[in-house]
Amino acid sequence: QEKKIFTVQGPYPVIRSLLRARGWVERKLPGAGRVGSRPEQHRGSQEKQLQEEEEEEGGDADAAEQGEASRLVQNQVPYFIWTNHTSAVDGRLLRQDQVVNHYARVGAFTTKEGLCLNLRNLPWFDQADPDTFFPRCYRLGAVDERQAFIEDFHLTAARSLLKVALERAGDVPVGTEQPLKSGEGPATFPHPMPSTVGPGSPLPPQLVEEALQVCEQHLGSLGHQDIDGEPPSSHMTGTDWDCFLRDYYRVAHEGARVALSGAQQERCQALLRHLAGRLPQLGMEGDRNIWILKPGAKSRGRGIVCVAQLEEVLRLAGGSTAASARVGEWVVQKYVERPLLIFGTKFDVRQWFLVTDWNPLTVWFYRESYLRFCSRPFSLRRLNPARHLCNVSIQKQCRPARGRHPQLPPDQIWSCRQLQAYLAQVGRADAWHQMMVPSMKAAVVGTLRSAQDLVGSRKGSFELYGADFIFGEDCQPWLLEINASPTMAPSSAVTSRLCAGVQRDTLRVVIDRRDDPTCPTGAFELIYKE
């Protein structure tokens, strides 16, 4: 009568325990069953499962009581459903009074392909520019996007050559300055920059001249974006670019010297200064033109590689033409070459948020989050996963480096509070609350607004998501991806505490607030409601 019957699919002992403590009774779901299927279809397997679970629980009185209560509701409708995947729910068979922890068609922002495609629509919904929080991204199976990526790679190589030439000449390129402590000298997380140049005679000044002309034309085209008329066209042919890239690789990756005249040095500085005002990613993109290639719909870091040469990206993605790669099969994204490091090591942040309605869009942001470290020191000269992919499932397969900094956690996990303490130590005490969190909130809301019209909205549903962010040296967050059904498996003491907490507070928002709108919502903060 109180409709306190729930179903949980997957390993969620915290959810089960919290619901039982609220007086709810579980209707056991058979392993092969789908939520929404008729109870009588699985009655035999349900009874067998209940018997097995009672035997495993060893006759405990509470367990036996729960088992008997579950047996009594096996033919009843569950009114709260928590599953580990959207496909486990048959929405056509759900009743209006059933609460479910998934929405339909969330792949519009929870797949790499969907995020890549739909964030481009953000300016239609918001004043925000996705280039300020999402590294530029292309689907290599789409002909126009593949060509756009090739052009982007060429332009990035030209900008990178100017940066390297200036660095080797002793100047710091505009847009790539190191962050500073409050009123003090350089902070303690700069990148190792090339300290030597390669042997042999320097490459001719014409190489820098070509890069200058390309960047000047690009700046001109950026100025033409909002006015009528044809933008300036590039003077470089395909063969010209092949030769340019070959020389650029020698400079950026092999340390070859490049001649830079005094006049060219002034032009480089002025040009990069103008570009910095038009390209929000100029600083984070670095100077080695590294991109990250990702399967469009896989998770947990599977199939992801970092690549520094155009030919290698196209080869790994299935060949030299878009026809050889299906649309959405591969996405390529600009790698953040200048991330914030902790003791020389890369990390990312798993940030939870909760959507309780899509119409009106209602978003809750979790105040707690956790960091995932790589097991080896960051290096742009070594592109192996141990140094660049922070996924727990990837790092579990990697052996920690010898001489690893003693203050790095053995289990590769920190809480956001430990990050805040570290930032205070290096003179950035205000960065978390003044820049990092507000910018993450804006990125989450912007992403959801860009996909809002594509998601299957349903009253009575909700969904918890896990966004992965990396931070630039200036503490600016960059959104990497958003995960539906983020893992709740405790991989460390930190995640054991935080995963239990976010599940507890999710139930406060989606169950307790229905009866008492003033009840505590734990660490969840309502950040957006249309």
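Given 37 °C and 0.692 mPa s, how large is the Stokes-Einstein diffusion coefficient of segment 444-530 in µm²/s, with Rh as the Kirkwood radius over Cα pairs? The Stokes-Einstein estimate is 215 µm²/s. Each principal axis of the Cα atoms in segment 342-385 has its own extent, and those three values, largest first, are 47, 19, 11 angstrom.
Can you give the accessible area per residue of segment 73-138, in Å², using a 1.4 Å probe?
Numbers: 3020 Å² over 66 residues.
With the other protein chains kept in place, segment 73-138 gives 46 Å² per residue.
Remark: segment 326-407 carries 38 Å² of accessible area per residue (probe radius 1.4 Å; ligands, DNA and RNA excluded).
Please tell me which of these pairs span more than 23 angstrom C-alpha to C-alpha: Lys112/Lys163; Lys4/Lys459; Lys112/Lys459; Lys163/Lys294?
Numbers: Lys112/Lys163 30 Å; Lys4/Lys459 18 Å; Lys112/Lys459 27 Å; Lys163/Lys294 27 Å.
Violating the 23 Å Cα-Cα cut-off are Lys112/Lys163; Lys112/Lys459; Lys163/Lys294.
Within the accessible area of segment 378-530, the carbon and sulfur atoms contribute 49%, probe 1.4 Å, all protein chains present.
Among the trypsin sites (Lys or Arg not before Pro) within segment 428-530, those in coil by DSSP and having at most 13 neighbouring Cβ atoms inside 10 Å are Lys459. Taken per residue, the accessible surface of segment 416-471 reaches 35 Å², heavy atoms only and a 1.4 Å probe.
With θ taken as phi - 60° and the Karplus curve 6.51 cos²θ - 1.76 cosθ + 1.60 applied, the whole-hertz 3J(HN,Hα) list for segment 402-418 is 5, x, 4, 4, x, 8, 6, x, x, 8, 6, 10, 10, 8, 5, 5, 5 Hz, x standing for glycine and proline. Here is the list for segment 389-422: trypsin sites (Lys or Arg not before Pro) lying in DSSP coil, each with at most 12 other C-beta atoms within 10 angstrom of its C-beta, are Lys396, Arg402.
Let me know the charge dipole size of segment 325-429 about its Cα centre in debye, to the nearest 20, where only the beta-carbon of Lys, Arg (+1) and Asp, Glu (-1) is charged.
Values: 17 positive and 6 negative charges, 127 e Å.
Here the size comes out at about 620 debye.
Among Gly472, Leu423, Ser375, pick out the residue whose Cα is farthest towards the positive end of the charge dipole of segment 334-485, where Lys and Arg carry +1 and Asp and Glu carry -1 on C-beta, about the Cα centre. Positive-end residue among those listed: Ser375. Using θ = phi - 60° in the Karplus curve 6.51 cos²θ - 1.76 cosθ + 1.60, the 3J(HN,Hα) couplings for segment 378-386 round to 5, 7, 7, 8, 10, 9, 7, x, 4 Hz; x is entered for Gly and Pro.
The values are calculated or read from the model by the stated rules, or taken from the named source; none is laboratory data. Only a predicted model underlies this, so the values are computations on that prediction, with no experimental measurement involved. For neighbour counting, all protein chains shown are included, and Cβ atoms are generated from backbone atoms with ideal geometry for every residue, glycine included. Only protein heavy atoms, including side chains, enter the accessible area calculation; ligands, DNA and RNA are left aside. Shrake-Rupley method; radii C 1.70, N 1.55, O 1.52, S 1.80 Å.
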